[in-house]
Structure formats: structure tokens, C-alpha cells
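Participant: Would you mind keeping the following structure in view while I ask a few things?
Values in this text are rule-based calculations from the coordinates and carry no lab data. Everything quoted here is computed from the prediction, not taken from an experiment. Positions of Cβ are backbone-derived with ideal geometry, glycine not excepted, and every protein chain shown enters the neighbour counts.
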Amino acid sequence: MKREVEAILFSSSEPVSIEEIAKKLKVNVGEVDRVVDEIVRDYESRDTAIEVVRLGDRVLMRVKLEYQYLVSGERDLDRSTLRTLGVIAMNQPIELSKLAKIRGNRCYEHVRRLEKLGLIRSEKKGRTKVLTVTEAFLRYFGLNVDDVEKVGEILRSKVEGR
Amino acid sequence: MAKRGEIDPWKIDIVDLTDRFLKKIEDLVVSGRVILYASILLRMKSEILLKEILGDEEEVCEIQDIDMDFEIEVPVVRKVKRYTTLDELVRELRRIEKTQRKRKVKVVFERFEDVPHEENVEEKILEVYKRLLGFGRREISFFSVVKGLNKSERLMFYISILHLAFRRKIEVRQERLYDDIKVILNEEGG
């Protein structure tokens with residue numbers, strides 16, 4: 001099954017959910033989960049430019065971050081979505097209503113996509129939602145920190161060029 | 001998409017639109033297959049009907065010579081996407097900050113512009129009129145009146161004079177551009 005999972009990951013340019021893979025291969029989620037772990041370890045041990053990363057319950061096969069500059073395809077996150085993600089990361093935890101004031105109404109669409117990618121999570125708070133970035137965000141951007149709460153501070157120092 | 005409110009027709013994100021278009025095109029592969037399978041089924045039905053009408057005659061054989069038993073293999077092409085880097089995220093954040101700074105300056109500027117409107121203009125006009133009357137003569141030089149006032153006070157004085165002229169309380173004359181303005185109090189007004 002390892003090869004089948006690898007083939008699915010290779011043929012998708014978007015992160016694929018474990019559930020989706022299990023459905024496609026008609027096996028249970030736990031089994032796929034175990035195989036994905038094996039593939040992640042496998043790629044880590046290889047001397048290759050490709051990596052397999054877990055983004056929440058999704059898995060992504062991609063060119064390693066240090067070689068991204070060699071990839072000429074379209075970018076996975078458009079500028080507008082990326083800006084919304086940046087605002088969330090810098091101001092987290094941030095209420096969705098406050099985000100909408102900063103980024104406009106299109107932010108709702110961005111939030112849905114970012115949630116789907118597993119880069120942010122939302123929690124209900126009264127009538128609104130509170131947004132924060134996830135551990136997947138750290139892995140996605142290759143940030144070597146153990147606490148997502150530090151993301152805002154790190155970004156602030158980078159923006160200010162410290 | 002515009003009707004559904006998914007895109008703003010005045011601000012179309014080409015990358016996003018292209019992405020959606022490409023996804024839509026993918027559906028055509030499926031539609032193409034459906035048409036192919038439907039045509040094969042139609043051919044099989046036609047053959048059965050022809051056999052019933054003509055029996056095992058040559059025409060039927062001619063049709064059977066065309067080999068339709070094939071499958072169109074669509075090769076799997078990996079669509080490569082470039083993943084966003086931390087540098088790109090930081091760059092966008094810097095741009096946001098720059099835009100916000102510009103907006104703040106604009107807001108401050110707009111507030112400054114609003115100041116004369118917030119003040120009671122009528123009171124100011126009346127104050128200017130009283131001051132003009134206080135000179136005790138009909139003809140007054142604008143330059144001599146505003147001497148010593150700051151820029152915004154001069155502007156307010158000038159605007160008040162224009163209001164008074166419009167209301168026919170005074171007349172204003174200027175011989176040449178940038179020359180002194182002569183303020184003449186009207187008989188009935190004064």
C-alpha cells in the first residue's frame with residue numbers, strides 16, 4: 001500500500017487528506033496514517049530534494065523549502081490569501097470580525113481555504129470565531145519553534161528587519 | 001462567479017481565476033469519456049438492429065472492421081505548484097504595513113481638511129463682519145486686516161469675506177491677480 005499512497009501524494013499538487021486516501025484505496029484511516037508515517041520517515045532518511053510533510057490531517061509531497069526557488073509553477077497561495085494568513089499569524093489570536101475589518105469581506109473565503117489546508121484553526125467565541133495558526137503552519141514555513149504562540153513575535157521581528 | 005459574489009469584477013485575481021478555470025477543464029476529460037462510452041453503446045445497439053434487419057451480410061462486417069475497442073489513456077501529469085516561503089509571507093506583511101501607514105496619513109490629512117467644516121462657519125463670518133465694521137470706514141485693505149494672522153486664520157478670513165460678498169453685505173475688488181483685495185462695505189449692509 002505504501003507505493004499506492006506515494007503515487008496519490010505524487011499526483012496531487014495540493015495537500016491530500018488521510019481520509020481521502022483511505023477512501024480511494026478502500027482501506028481504513030488508521031492504516032493510511034501508519035503508512036504515511038512510514039513514507040515521511042522514508043523521505044527524511046533519503047538524500048533527496050523532495051519531502052513529505054503532514055499538515056494537520058493532510059499530507060503534502062513537495063520540493064523542500066530550500067529548493068523552492070527552482071520551482072517555476074504557480075504559487076499555491078495567492079497574494080490575497082497570503083496577506084490574510086500573515087495578518088492572522090501576526091495578530092493571533094484574532095477574531096474573524098476584526099480580521100474582516102482589516103482584510104475586507106474576501107477574508108471569509110481565504111479563512112475557509114486556509115482552514116482546509118490546515119494552516120489555521122478557528123474556535124467559536126460568542127457570535128464570532130477566534131483564529132490562530134497551527135503546528136502545520138510551522139512545518140509549512142519551516143519555522144523551527146515549538147510554540148505557535150511565538151509566531152507573531154518572530155514575524156514581527158522579521159518584518160522590522162531585526 | 002461574480003454573481004455568486006466569489007470574485008470582484010473590478011479586482012480579479014488572475015491566478016485564482018486561472019486555477020479555477022483549469023479545475024473546470026479537468027471535468028471535460030470525464031465528459032469526453034462519457035461521450036466515448038455512449039457512442040460505443042450506440043454502435044453496439046446499431047449493430048444488433050442491423051443484424052436483425054439485414055442478417056449476417058457484408059455491410060455489417062464492414063462496420064465491424066473498425067476497431068473501437070480501445071481506451072483513451074490520459075497520462076497523469078503532475079501539476080507542480082510552488083510553495084509559499086516565509087520570505088514571501090514577510091514581504092507581504094511589509095507591504096500591508098506600508099499600505100496601512102499610507103492610510104493613516106490619509107486619514108490624518110482628511111481630518112485636517114475637515115476642521116473648518118467642524119467649526120461654526122456662521123460664527124466666524126459674523127466675527128469677521130463685526131471686525132470689518134469696527135474699522136469705521138467703507139474701504140478696507142484685505143492685506144492690512146489679515147496681517148499677523150496665520151495661514152489657516154487668513155484662509156478663514158478670506159472665506160468669510162467671500163460669504164459676505166455673496167450675501168451682498170460687502171463688495172470685493174482686486175485690480176490684478178495677487179494684488180491686495182479691496183473690501184467695500186455696502187451702504188445698507190453697513
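Participant: For the pair residue B:1 and residue B:40, what calculated FRET efficiency results from E = 1/(1 + (r/R0)^6), where r is the Cβ-Cβ distance and R0 = 30 Å, to the nearest 0.05?
Facilitator: Once the sixth-power term is evaluated, E becomes 0.25.
Participant: For a label point 7 angstrom out from the Cα of residue B:23 toward its Cβ, which stretches of segment A:61-90 have the backbone nitrogen within less than 13 Å?
Facilitator: Counting only backbone N, you get A:77-78.
Participant: Right, something else. If I take the Cα coordinates of segment A:2-70 and project them onto the principal axes, what are the three extents in Å, biggest first?
Facilitator: On the principal axes, segment A:2-70 reaches 36, 22, 20 Å in Cα extent.
Participant: Round to the nearest 0.05 the FRET efficiency obtained for residue A:125 and residue B:175 when R0 = 45 Å and r is the Cβ-Cβ distance.
Facilitator: With a Förster radius of 45 Å, E is 0.05.
Participant: Kindly rank B:30-41, A:63-74, B:87-98 from highest to lowest mean number of other beta carbons found within 10 Å of each residue.
Facilitator: Per-residue mean Cβ counts within 10 Å order the peptides as B:87-98, A:63-74, B:30-41.
Participant: Using a 10 Å cut-off around each Cβ of peptide A:4-16, what is the average number of partner chain Cβ atoms that fall inside?
Facilitator: Partner Cβ neighbours, averaged per residue: 1.
Participant: Counting only other chains, and only Cβ atoms inside 10 Å, what mean value do you get across the residues of A:78-85?
Facilitator: Rounded to a whole number, the mean comes out at 5.
Participant: R0 = 51 Å: FRET efficiency of residue B:149 with residue B:97, Cβ-based, nearest 0.05?
Facilitator: So, using R0 = 51 Å, E works out to roughly 0.80.
Participant: Compute the length gained on full extension between residue A:25 and residue A:37: take 0.36 nm times their separation in residues and subtract their Cα-Cα distance, giving the result in nm to one decimal.
Facilitator: Once the chain is fully extended between residue A:25 and residue A:37, it gains 2.6 nm.
Participant: Wrap a convex hull around the Cα atoms of the protein assembly as shown, take a quarter of its surface area, and give that in square nanometres.
Facilitator: Its Cα hull, projected and averaged over all orientations, spans 37.7 nm².
Participant: Please report, in debye to the nearest 20, how large the charge dipole of segment B:118-185 is about its Cα centre when each Lys and Arg carries +1 at its beta carbon and each Asp and Glu carries -1 there.
Facilitator: With only Lys, Arg, Asp and Glu charged at Cβ, the dipole is about 280 debye.
Participant: So which trypsin sites (Lys or Arg not before Pro) in segment A:119-154 pass both tests, a DSSP loop state and at most 11 other Cβ atoms within 10 Å of the Cβ?
Facilitator: Those that pass, being in a loop and sparsely packed, are A:127.
Participant: Turning to a different aspect of this structure: If you count, for every residue in B:90-101, the Cβ atoms of partner chains within 10 Å of its Cβ, what is the mean?
Facilitator: That average works out to 5.
Participant: Enumerate the lysines that residue B:102 could reach by cross-link, defined here as Cα to Cα under 26 Å, with residues fewer than 8 away along the same chain left out.
Facilitator: Output for residue B:102: A:98, A:101, A:158, B:11, B:151.
Participant: In addition: Test of understanding: what is the full-extension gain from residue A:147 to residue A:4, defined as 0.36 nm times their sequence separation minus their Cα-Cα distance?
Facilitator: Once the chain is fully extended between residue A:147 and residue A:4, it gains 48.1 nm.
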